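Contents: one structure, followed by commentary.
The values are calculated or read from the model by the stated rules, or taken from the named source; none is laboratory data. Only a predicted model underlies this, so the values are computations on that prediction, with no experimental measurement involved. Don't worry about glycine lacking a Cβ; one is built from the backbone with ideal geometry, like all the others, and counts go over all protein chains shown. Side chains are part of the model used for accessible areas, which takes the heavy atoms of the whole protein and leaves out ligands, DNA and RNA. Shrake-Rupley method; radii C 1.70, N 1.55, O 1.52, S 1.80 Å.
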Amino acid sequence: MAERSTLQERYQACMILSGTGDALGYNSGHWEFEPDGEKIHTEVAKMGGLANLDVKQFPLSDDTIMHLATAEALVETDKDAPLEQLYGALVQKYIRCMDDMSGRAPGMMCLDSIDRLKKNNKGDWKIPFSKAAGGCGAAMRSMCVGLRFPRPEQERLLVAVSVESGRMTHHHPTGYLGALAAALFTAYAVRGQPPVEAWGHGLMQVLDKAKEHVREAGHCVEENLEHWDYFEKSWRKYLEVRGILEGTGKAKFPEHYGVCEREKFYESVSFSGTGGASGHDAPMIAYDGLLRAGDSWTELANHTFFHGGDSDSTAAIAAAWWGALYGFHNVPPKNYKGLEYYERLSGVVDTLYRMANHQDDQCDVADKVKELQVYAHLNMAEGSTLQERYQACMILSGAGDALGYNSGHWEFEPDGEKIHTEVAKMGGLANLDVKQFPLSDDTIMHLATAEALVETDRDAPLEQLYGTLAQKYIRCMDDMSGRAPGLTCMSSTHYLKVHKGDWRIPFSKVAGGCGAAMRSMCVGLCFPRPEQERLLVAVSVESGRMTHHHPTGYLGALAAALFTAYAVRGQPPVEAWGHGLMQVLDKAKEHVREAGHCVDKNLEHWNYFEESWRKYLEVRGILEGSGKAQFPEHYGVSEREKFYKSVSFKGTGGASGHDAPMIAYDGLLRAGDSWTELANHTFFHGGDSDSTAAIAAAWWGALYGFHNVPPKNYKGLEYFRRLSAVADKLYRVAHHQDDQCKKCPMN
């Protein structure tokens, strides 16, 4: 469907296939660091050829992680904001993305430069000039700049943003002009002109504008101009060799241009023998492959993914341009479905599309409310649509997590009154800017669960979903720097990693913590209907005991999922949720018996969860699911602290699988539709506050949407786009709104 691909489809393909090219070219470092291109092609053939390469087995490299960082900064910055604000956002994204580099081989120049950026004063994106900064690390992440500024009248912006974002890490013309080429050619591809053969000629014209920008910016001008010519001369020479310096006619290639000939040519245009490792030749080799391949995905891969140079970078760049031209035309599904961070790439590129093409009057860039039509006019509880409540469930869960965590300061603070005092000194809940509050492990694992749900075909057997969940949990451990993951989660995911292909882990007497509950609300979003209760039980229990194989642990996951389903469908009344849980526990026990895994040990330790909940519901007077919950006349901070400790396993309220959802439920009953009261009861207390907050806020959002939530509390949340995208997918999956969205095992 090369000619029939819509512009929006081509935007999608640009970001997603760029990730595919990166993943395949990288192959966990085996092919990126293999200098023999012929050996790589032999290995590809032995694996069944390109069409047989399943991208699920190929993790992303640093290239796509930084490309995502660039794209997310672009969509999270107000379109009317000064460029300096965008540059500040880019810096913060680049710094943060370094936490997700385990196993991705980031370049030393990126690492060193970002270390410098960390030491800069806030808002300062400039680093010193470096003679050694001519690598491809700026080019590999800049294609999305062309998606954001595709029109001819935006060329000045494209130049400024690609150059300045590029020299945040690669302050050398050979480095950051590669970013300009990557962005410019993406813009050409998006708008379908000029012809591909004329792109190089266009770049030659734009280089003068880039030089003018560098002069006007006034930062290290002399050093930059002194080293300017290498990039320009290298490209001029290349275009002369191909006979397209003037931008007319067809590119000329040798009669025989096989693997061996390409390897020699790539080495000849490189700086020091490694084709694609520099800012000039990474886009050059990508362009060469695009010219040769035309609309053939296979030929593009042969020329740009599989060679003895910096293959992931040339692949990421070339595949982005190809996708922007041809969409997903004849690309084998295995090559891109199931790509790591697929949902995140898809979510951010939809926003880039709307921003660049003014399809949505509400699309005010950083005002994420408007971009995604999530928050528009959400000044009502009853008026929130179901889709808006799905959005609020995932996003506000993240907001609760971030605020309850506060980089560990509040999660690990045992004195709830001290936390409330600190919140007051900061101006109260409405003044807490979530941009300053990173997510904890809770939301990272919640995202892993949600993305597994939407990336598994809904007609697939549950075992396939469980395998995907296990892989998502393993991978998300790479994004835990500064997020305080629990020891049970870490040790269990290590077990899953060692025993690849098996999602079952041994029973553990010490696995009764809240780590399964904190990540399972999305299971209720996927299976909200009463007739899906068997599925909800199975998925919450089995996903829960992948890390917390103890009833106290995984039954917390069941409670988190079940109450989310109740919230989504608006029945039974909140006061009856606990009664519903008590009925469903028998079905969970039946499932455990039928599953046949460590049955005796599970049943031996079953009663603690059930008895704890029964006692709690009796105290609140709602064991039978009727009437109003009964609270003490005085139920302030001190009284709540005592109560939370009394229901806990050993003094830390919310740290276990039974009491994390219990405290969340207690707060929800007390708060009603008041976000402030919910936060007072479940975000700010001297226990495992991020987990109770993540759970309570998810249920509250599923009930009330964004009703009266202060914008500061959720706009700018870390991974907002990713949460928003997966929430939309879950909505379509659960309510069959999208024939193409055949996700989740529904039977």
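Here are a few things to note about the model shown:
- Filter result for Gly347 (within 30 Å of Ser689 (Cβ to Cβ), at pLDDT below 95 and either of a type in the set (Phe, Trp, Tyr) or part of a helix (DSSP H, G or I) (or both)): yes
- Residue in the range 46-54 that is under 29 Å from the mean Cα position of the chain (by Cα), at pLDDT 95 or above, of a type in the set (Asp, Glu) and more than 19 Å from Gly107 (Cα to Cα) present: yes
- All of Thr692, Thr652 fail the test of being at pLDDT below 95 and either in contact with a helix residue (DSSP H, G or I) (Cβ under 9 Å, 6 or more places away or on another chain) or not hydroxyl-bearing (Ser, Thr, Tyr) (or both), apart from Thr652.
- Residue selected from the range 494-508 under the condition open to solvent by 40 Å² or more (accessible area, probe 1.4 Å) and assigned to a loop (DSSP other than H, G, I, E, B), by the criterion modelled with the highest pLDDT: Pro506
- 2 or more residues surrounded by fewer than 24 Cβ atoms within 10 Å (Cβ to Cβ): qualifying helices (runs of 4 or more DSSP H) within the range 515-597: 533-544, 551-569, 577-595
- Within the set Tyr473, Tyr466, the sole residue that is within 30 Å of Met98 (Cβ to Cβ), part of a helix (DSSP H, G or I), of a type in the set (Ser, Thr, Tyr) and modelled with pLDDT of 95 or more turns out to be Tyr473.
- Selected residue (criterion: nearest to Met140 (Cα to Cα)) from residues of the range 1-27 that are at pLDDT 95 or above and hydroxyl-bearing (Ser, Thr, Tyr): Ser18
- Selection within the range 9-41: residues that are within 26 Å of Gly327 (Cα to Cα) and hydrophobic (A, V, I, L, M, F, W, C). The member of this set that is surrounded by the fewest Cβ atoms within 10 Å (Cβ to Cβ) is Trp31.
- Counting only residues that are surrounded by fewer than 13 Cβ atoms within 10 Å (Cβ to Cβ) and not in a loop (DSSP other than H, G, I, E, B), the range 254-267 holds 2 of them.
- Test for Ala402: is it in contact with a Cys (Cβ under 6 Å, 6 or more places away or on another chain) and modelled with pLDDT of 95 or more: no
- Only one of Tyr87, Tyr94 that is more than 22 Å from Ser440 (Cα to Cα) and among the hydroxyl-bearing types (Ser, Thr, Tyr): Tyr87
- Residue match in the range 708-721 (condition: more than 24 Å from the chain's Cα centre (by Cα), more than 21 Å from Pro485 (Cβ to Cβ) and part of a helix (DSSP H, G or I)): no
- Test result for Glu633, more than 30 Å from Glu542 (Cβ to Cβ), among the acidic types (Asp, Glu) and surrounded by fewer than 16 Cβ atoms within 10 Å (Cβ to Cβ): yes
- Met355 closer than 26 Å to Thr64 by Cα, in a helix (DSSP H, G or I) and modelled with pLDDT of 95 or more: no
- Looking at Ala430, Ala424, just one residue is over 23 Å from Met518 (Cβ atoms) and either free of Cβ contacts under 8 Å to residues at least 12 places away in the same chain or under 23 Å from the mean Cα position of the chain (by Cα) (or both), and that residue is Ala424.
- The single condition among (1) under 22 Å from Trp577 (Cα atoms); (2) in contact (Cβ under 8 Å) with a residue 24 or more places away in the chain; (3) over 26 Å from the mean Cα position of the chain (by Cα) that Val637 does not meet is (1).
- Residue ID - least open to solvent (accessible area, probe 1.4 Å), chosen from residues in the range 401-432 that are of a type in the set (D, E, K, R) and in contact with a helix residue (DSSP H, G or I) (Cβ under 9 Å, 6 or more places away or on another chain): Asp401
- Within the range 597-611, residues that are within 14 Å of Ala559 (Cβ to Cβ) sit with their Cβ atoms under 6 Å from residues that are at pLDDT 95 or above and not in a helix (DSSP H, G or I), at 6+ positions apart or across chains, in these pairs: Phe609/His658.
- None of Gly578, Gly570 is closer than 29 Å to Val733 by Cβ and either modelled with pLDDT under 95 or hydroxyl-bearing (Ser, Thr, Tyr) (or both) except Gly570.
- Arg141 vs. criteria open to solvent by 20 Å² or more (accessible area, probe 1.4 Å) and either within 16 Å of Lys209 (Cα to Cα) or out of contact with any Pro (no Cβ under 9 Å at 6 or more places or on another chain) (or both): no
- Unique residue being of a type in the set (D, E, K, R), crowded, with 19+ Cβ neighbours inside 10 Å and more than 21 Å from Gly701 (Cα to Cα) when the list is Glu618, Glu610, Glu604: Glu610
Yes or no, residue by residue, for (1) within 20 Å of Ser407 (Cα to Cα); (2) assigned to a loop (DSSP other than H, G, I, E, B):
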| residue | (1), (2) |
| --- | --- |
| Asn680 | yes, no |
| Gly686 | yes, yes |
| Asp690 | yes, no |
| Ala696 | yes, no |
| Trp699 | no, no |
| Ala702 | no, no |
| Phe706 | no, yes |
| Leu723 | yes, no |
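- Residue pairs meeting the criteria (Cβ under 7 Å; at least 6 apart or on separate chains; first more than 20 Å from Asp100 (Cβ to Cβ) and open to solvent by less than 100 Å² (accessible area, probe 1.4 Å), in the range 114-125; second hydroxyl-bearing (Ser, Thr, Tyr) and part of a helix (DSSP H, G or I)): Trp125/Tyr87
- Qualifying residue in the range 616-626 (condition: at pLDDT 95 or above and either under 27 Å from Val434 (Cβ atoms) or in contact with a Ser or Thr (Cβ under 9 Å, 6 or more places away or on another chain) (or both)): no
- Here Val574 fits the description: of a type in the set (A, V, I, L, M), under 20 Å from Gly701 (Cβ atoms) and in contact with a helix residue (DSSP H, G or I) (Cβ under 9 Å, 6 or more places away or on another chain).
- Any hit, the range 390-399, residues being modelled with pLDDT under 95 and surrounded by 16 or more Cβ atoms within 10 Å (Cβ to Cβ): no
- Residue match in the range 437-454 (condition: open to solvent by 50 Å² or more (accessible area, probe 1.4 Å) and at pLDDT below 95): no
- Considering only residues in the range 638-653 that are among the small types (Gly, Ala, Ser) and in a loop (DSSP other than H, G, I, E, B), the one that is most open to solvent (accessible area, probe 1.4 Å) turns out to be Gly651.
- Within the range 201-247, the set of residues being farther than 19 Å from Trp125 by Cα, open to solvent by less than 80 Å² (accessible area, probe 1.4 Å) and not in a helix (DSSP H, G or I) comprises His227, Trp228, Gly243, Ile244, Leu245, Gly247.
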